[in-house]
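We did not get these values from a lab; they are worked out from the coordinates using the rules stated. Note that the structure is predicted; figures quoted are calculated from it, not measured. Here the Cβ positions follow ideal geometry from the backbone for every residue, glycine too, while neighbour counts run over all protein chains shown.
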């Protein structure tokens, strides 16, 4: 995307705002709690096991990223009909 060699294998990741309010977690929704998601990701990405207090500290931080959900958060936008016109 940036055409910089150091960015060659960098992936875009979703933001963490309101992550505490958006379970289930992972692409398949297989994990229901944020603490379990943190524990799994530490093992998978860092090859480490976190203590209960370390998991709680990370979950506390992630909870601090929670704000007001926009009223239309789960509502699909209404697109103008012209967006679907094959002959503009």
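Here are several values of P(r) over Cα pairs in 5 Å bins from 0, in percent: (1) 3, 13, 20, 19, 17, 12, 8, 4, 2, 1, 0; (2) 3, 11, 14, 16, 15, 11, 14, 8, 4, 3, 2, 1, 0; (3) 2, 11, 12, 17, 14, 12, 10, 8, 6, 5, 1, 0. Which one was derived from the coordinates shown?
(2)
What FRET efficiency comes out for the pair residue 10/residue 81, r = Cβ-Cβ distance, R0 = 35 Å, nearest 0.05?
0.35
Treat the count of other C-beta atoms within 10 Å as a stand-in for reagent exposure and order 61, 11 from fewest to most.
Lowest to highest Cβ neighbour count: 11, 61.
For helix 34-46, report the angle its Cα long axis makes with the longest principal axis of the Cα atoms of the chain; keep it between 0 and 90° and round to the nearest 10°.
Helix 34-46 and the main axis of the chain meet at about 80 degrees.
Which residue, 63, 72, 18, tops the fluctuation ranking in a GNM of the chain built on C-alpha contacts under 10 Å?
Its mean-square fluctuation being the largest, the pick is 72.
Hey, fewest Cβ within 10 Å first, where do 38, 31 land in order?
Lowest count first: 31, 38.
With angles folded into 0 to 90 degrees, how steeply does helix 52-63 sit against the dominant principal axis of the chain? Use alpha carbons for both and round to 10.
Between helix and principal axis, roughly 30 degrees.
So what's the back-of-envelope 222 nm ellipticity for the chain, counting only DSSP H runs of four-plus at -39500 (n - 2.57) apiece and dividing by all residues, rounded to 500?
-9000 deg cm²/dmol
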